[in-house]
1. From the list Ala246, Ala257, exactly one residue is more than 27 Å from Arg132 (Cβ to Cβ), of a type in the set (A, V, I, L, M, F, W, C) and free of Cβ contacts under 8 Å to residues at least 24 places away in the same chain. Which is it?
2. Of the residues His255, His217, only one is under 22 Å from Ser33 (Cα atoms), touching a Leu at 6+ places or on another chain (Cβ under 7 Å) and at pLDDT 95 or above; which?
3. For a quick check of your reading: which helices (runs of 4 or more DSSP H) sit entirely within region 80-164 and have at least 2 residues that are surrounded by fewer than 24 Cβ atoms within 10 Å (Cβ to Cβ) and over 19 Å from the mean Cα position of the chain (by Cα)?
4. Could you list, in sequence order, all residues of region 225-249 that are touching a helix residue (DSSP H, G or I) at 6+ places or on another chain (Cβ under 9 Å), assigned to a helix (DSSP H, G or I) and over 22 Å from Pro179 (Cβ atoms)?
5. Go through (1) over 22 Å from Val35 (Cβ atoms); (2) surrounded by 21 or more Cβ atoms within 10 Å (Cβ to Cβ); (3) touching a residue at least 60 places away in the same chain (Cβ under 8 Å) one by one and return the number of the condition Ala236 breaks.
6. Six or more apart or on different chains, Cβ atoms under 6 Å: show the pairs whose first residue is in region 42-59 and at positive phi and whose second is part of a strand (DSSP E or B).
7. Just wondering, is there one or more residues in region 132-149 that are more than 18 Å from His189 (Cβ to Cβ) and either touching a Lys or Arg at 6+ places or on another chain (Cβ under 8 Å) or charged (D, E, K, R) (or both)?
8. Inside region 168-224, counting only strands (runs of 3 or more DSSP E) that do not spill past its ends, which hold 1 or more residues that are over 17 Å from Leu51 (Cβ atoms), among the hydrophobic types (A, V, I, L, M, F, W, C) and in contact (Cβ under 8 Å) with a residue 12 or more places away in the chain?
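The values are calculated or read from the model by the stated rules, or taken from the named source; none is laboratory data. As the structure is a computational prediction, the values presented were derived from the model and not from experiment. In this analysis, Cβ positions are derived from the backbone assuming ideal geometry, glycine residues included, and neighbour counts consider all displayed protein chains.
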Amino acid sequence: MRLGEFEVEIVSGGRFRLDGGGMFGVIPQVLWSRVYPPDERGRIQLDTNCLLVRTPDELVLIDTGNGPKFSAKEQAIYDLQPGDTLLTNLAAKGVLPEEITTVLLTHLHMDHVGGASRFAGEETVLEFPNARFVVQRVEWDDAVANRSHMRISYRPENLAPLERSGRLELLDGDTEVLPGIRTQVAGGHTRAHQSVFVQSQGETLFYPADLCPTPAHTRPAYNMGYDMMPYENMVAKAELLGRAAAEGWLIVFDHEAERKSARATMEAGALQLEPVELP
C-alpha cells in the first residue's frame, strides 16, 4: 500500500506455532482459545510479519522472522514449514537480498533475527550483503550476555554474523533511523525492545512488534508469558494504543496469522480496530 511517499508491504518470515498459554500469560485458556483455538499440543498458529518499506532512497526491512537454521527437532516443535522463509517470500515479491539497504530489528529473539542469516558450513553468514543492521545497544548487550528468562531465545548463531559483519549499528534510545522511520524503546517484552513508526505525508504506521503481537493483545491484561516485564509492557502498550486510536494510526501486528493490519479508532472510550488489507 502507499503510505505517503512510501510503499509498505507485509512479508512473512515463516509461519509457526507457539504454546497458547505462553502467548497469553495469565489469561485463562477458556478465553483466548475462543479466538485462537489450540492444536492437540496446545499450540496456536502464528506468523512472523516483517515489514518491507520502500522509501525514495532505501529499501528497509523491519525484522526477519525465524530463518532457516532450526534443527529437524525444533522444526517439529514449532511446526515450521520447510521452505517458508523470508527469502522465499521476498523473492515471490520480486525482491533480492542485495537490494535491502537497512535491516531494522525490534529485538534479537530468534523469531525476529533468525532470518538475517543462514548456515554456510560451520559458520553462519548474513543474508543481506549490502544492508546495515540496526538494533538497540542495550538489547545487543542483553542478547550477548543471554539476559533473559527464555534461555534459548538469544542464540549465538544469530548474533555471531552480525558481530563479524562490521555493519551492526547500535542505537542509544529513541532514534530516527531514516527520514520518516523512527524507533521508540517501549521495553516490557525485553529491556530495550523497540517499536517502529513509519510516517509520511501525515500518515502513520505503527509496528508495535512484541509489545502487542496480535489484535487480542490490545486488551490491557493480555500480555505474553514471554514478557520480561509484564507491567511495564501493559503501561507502554496502553499509552501507545491510546495515541494510535486518537490519531487513526495503521497498526501492523507482528505475529498475527490472519488479521495482520488494522486502523485504530476510539468509540465510546474503547479501542476499536478496523481491518485494513496490506499486500
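1. On the way: Ala257 fails: free of Cβ contacts under 8 Å to residues at least 24 places away in the same chain.
Matching residue, one of Ala246, Ala257: Ala246.
2. His255
3. Numbers: elements: 86-92, 110-113, 137-145.
Because the criterion is at least 2 residues that are surrounded by fewer than 24 Cβ atoms within 10 Å (Cβ to Cβ) and over 19 Å from the mean Cα position of the chain (by Cα), the helices (runs of 4 or more DSSP H) in region 80-164 that meet it are 86-92, 137-145.
4. Once the filter is applied, which keeps residues that are touching a helix residue (DSSP H, G or I) at 6+ places or on another chain (Cβ under 9 Å), assigned to a helix (DSSP H, G or I) and over 22 Å from Pro179 (Cβ atoms), region 225-249 yields Asn233, Ala236, Lys237, Leu241.
5. Just one mismatch for Ala236, condition (3).
6. Between residues of region 42-59 that are at positive phi and residues that are part of a strand (DSSP E or B), the close pairs are Gly42/Asp19.
7. yes
8. On the way: elements: 168-171, 175-178, 181-185, 194-200, 203-207.
Qualifying strands (runs of 3 or more DSSP E): 168-171, 181-185.
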